[in-house]
Amino acid sequence: MSVSATARVLFVASEIFPLAKTGGLGDVSAALPAALIKLGADVRLLMPAYRGVLRQVPDARLIADIDDLAGFGRVRVLLGSAPGSGVPLYLVVSVPLYGRPGEPYHDEAGDIWPDNDERFALLCHAALAIARSNDGASDPWQPDIMHCNDWHTALVPALVNAQRGDGPAGAAPPVRTLLTIHNAAYQGPVSAQQLHEFGLSTSADSSAQGDTSFLALGIQHANRLTTVSPTYAKELQTREFGCGLETLIAARAADFTGILNGVDYSVWDPSHDAALPAAYDALDPQGKAACKRALLQELGLSDDMETPLLAVVSRLTAQKGLDMLVEASGDLLAKAVNLVVLGSGDAGLEAAFRALAADHPAQVAVRLEYDERLAHLIMAGADIFLMPSRFEPCGLNQMYALRYATVPVIHAVGGLADTIVDADDESVEAGSGTGFVFRRPSANDFMSAIARALLMRENTPAWRRLQSNGQAQDFGWEKAARQYLGIYRELIAR
Ligand code: ADP
Ligand code: GLC
């Protein structure tokens, strides 16, 4: 590995848009590798071939057929190109583990697959097989760096280190590992017994004496760690936000960096968004009204264009703080506002929003589903975007909202705090204010921030200025990609 050579990076993820997406990880796994390639890196993707994925990668060709990969049975590896970006993409085919109906992590009823540990341990082993490239593969490409993302891929560093320790000198793959933490709340718990089955004996891995998790092991074993915003990088080292990993993470502080995610403006920009009935941008904002009209009509809400339309597009989990919206809904809906909620997940939150829509059919529209097109239309047609997250590693929606001239109301945590500047008369006039920020996670404080937004909306010139401040923000991926590239170079030079 020479420092000047192009970094060869295997980017491993459990979801990559448009093949699989449940949240922001899917968007990041599609956009960041493409941005890295633009800067000259040699990046390939790796993900499971969930049911229906192969159909979307028509150029996929078999490069390895392994009788029994690390005890997981017959595994085939295909190489094709990711739809949209054309980035080279390895797909791991295991019919019993990935070829089932349902979602990446859940069955069709929304219940978590009980064998997720096994399913994603296989993904990790497949990454190692590619790094070794000696399992009968017809393609000799070998990565310098394995860039792992979240718990699903976090056994890779431990496996690399175990092989390095066990194998004969020179047999271990000359590969460095980077783990990016997108969300520390999901850890992939695993027992010592299971780990043993996954090829990590407790003797080879002194840290795995008792029960642990994929993520904890990744934090201990990766050569380098990042997370998706500078503020979350600090928060993760505290008891309040560390999800029990704060001590492990703090011990790696010297190797840990927060890099703010970017926005793929080829997908998220109302000047060329195929999901919208009309295009618009900061210079020609008229089309936003047509989007709002179409959205109100589709949702069956009154087509009164003056009434502010507030929106949520979110996974419905405790993370997102939407219990505060439910709690504030009495006060909120006493005002002349409409509300649309698109999301699915937690049964209690789904029930609460369903009840809210039933009680206020003229004001509230709720869609408890996943709908990419509708997410774009809501982003464009709404006036105000609500993100009261209790924690938020980065958050992409608030950045999307800015470009769509939809003013975000956010709780100042993680990436939300790093991307939105509170709006008051002065900050709006100065060009810096972009949204409404509250600092204590309570329904009252959330409601006060919404009330400030509604008040400013009555002042049309100020509101227009606020919207254009947001539209002018540039969160393109290049900046983050350069930072990742710096880390790859540093790892290769080690
Ligand atoms: P997280 O990754 O925690 O879910 P982000 O803000 O980073 O949060 O990313 C959320 C992504 O998922 C956005 O692209 C958003 O539009 C999308 N999304 C979330 N829920 C839905 C849904 N119900 N329908 C369509 N898109 C959704
Ligand atoms: C996670 C986080 C979210 C982040 C996304 C992409 O799902 O919850 O805040 O934007 O990953 O990094």
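The values are calculated or read from the model by the stated rules, or taken from the named source; none is laboratory data. Please read all numbers here as calculations on a predicted model, not as lab measurements. Reconstructed Cβ throughout: ideal geometry from the backbone, glycine too, with neighbour counts over all protein chains shown. Remember, those area values only see protein heavy atoms, side chains included, never the ligands or the DNA or RNA. Shrake-Rupley method; radii C 1.70, N 1.55, O 1.52, S 1.80 Å.
Just a few scattered comments:
- Pick from segment 389-403, criterion more than 18 Å from K288 (Cβ to Cβ) and of a type in the set (A, V, I, L, M, F, W, C), ranking: farthest from ligand 1 (Cβ to nearest atom): F391
- Just one of the listed residues (D422, D445, D418) is within 16 Å of ligand 2 (Cβ to nearest atom) and either among the charged types (D, E, K, R) or modelled with pLDDT under 95 (or both), and it is D418.
- Selection within segment 105-164 - in a helix (DSSP H, G or I), of a type in the set (S, T, N, Q) and within 22 Å of the chain's Cα centre (by Cα): N116, T153
- Condition met for L332 (out of contact with any His (no Cβ under 9 Å at 6 or more places or on another chain), in contact (Cβ under 8 Å) with a residue 40 or more places away in the chain, of a type outside the set (K, R) and within 16 Å of ligand 2 (Cβ to nearest atom)): no
- The single condition among (1) touching a residue at least 40 places away in the same chain (Cβ under 8 Å); (2) of a type outside the set (S, T, N, Q); (3) open to solvent by 40 Å² or more (accessible area, probe 1.4 Å) that I492 does not meet is (3).
- Looking across segment 3-37 at every residue that is of a type in the set (S, T, Y) and not in a helix (DSSP H, G or I), the one that is nearest to ligand 1 (Cβ to nearest atom) is identified as T22.
- Considering residues of segment 409-466 that are basic (K, R) and in contact with a strand residue (DSSP E or B) (Cβ under 9 Å, 6 or more places away or on another chain) only, the residue surrounded by the fewest Cβ atoms within 10 Å (Cβ to Cβ): R440
- In segment 216-228, residue nearest to the chain's Cα centre (by Cα) [restricted to those that are farther than 30 Å from R373 by Cβ and assigned to a loop (DSSP other than H, G, I, E, B)]: A222
- Qualifying residue in segment 38-60 (condition: in the same structural domain as L159 (by TED's automatic domain parsing), touching a residue at least 40 places away in the same chain (Cβ under 8 Å) and in a helix (DSSP H, G or I)): yes
Listed here are the residues, each with its yes/no results for (1) within 16 Å of ligand 2 (Cβ to nearest atom); (2) at pLDDT 95 or above; (3) over 20 Å from the mean Cα position of the chain (by Cα).
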| residue | (1), (2), (3) |
| --- | --- |
| G242 | yes, yes, no |
| D255 | no, yes, yes |
| G262 | yes, yes, no |
| D269 | no, yes, no |
| Q286 | no, yes, yes |
| A289 | no, yes, yes |
| E298 | no, yes, yes |
| A336 | no, yes, yes |
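- Taken over segment 329-362, the residue count meeting the criterion of being part of a loop (DSSP other than H, G, I, E, B) and open to solvent by 50 Å² or more (accessible area, probe 1.4 Å) is 7.
- Counted residues, segment 291-304 - those being more than 16 Å from ligand 1 (Cβ to nearest atom) and open to solvent by 40 Å² or more (accessible area, probe 1.4 Å): 6
- All positions within segment 67-91 that are closer than 28 Å to L32 by Cβ and in contact with a Lys or Arg (Cβ under 8 Å, 6 or more places away or on another chain): L78, L79, G80, V87, P88, L89, Y90
- Residue match in segment 65-73 (condition: more than 26 Å from D371 (Cα to Cα) and not in a loop (DSSP other than H, G, I, E, B)): yes
- Of T231, T257, T238, all but one fail to be in a helix (DSSP H, G or I), farther than 30 Å from W113 by Cβ and of a type in the set (S, T, N, Q); the exception is T231.
- Members of segment 228-255 that are surrounded by fewer than 17 Cβ atoms within 10 Å (Cβ to Cβ) and aliphatic (A, V, I, L, M): A250, A251, A253, A254
- Test: residue in segment 310-323 that is more than 10 Å from ligand 1 (Cβ to nearest atom), under 30 Å from Q237 (Cα atoms) and open to solvent by less than 10 Å² (accessible area, probe 1.4 Å): yes
- Candidates are the residues of segment 27-43 that are surrounded by fewer than 22 Cβ atoms within 10 Å (Cβ to Cβ) and farther than 11 Å from A7 by Cα; the one that is farthest from ligand 2 (Cβ to nearest atom) is K38.
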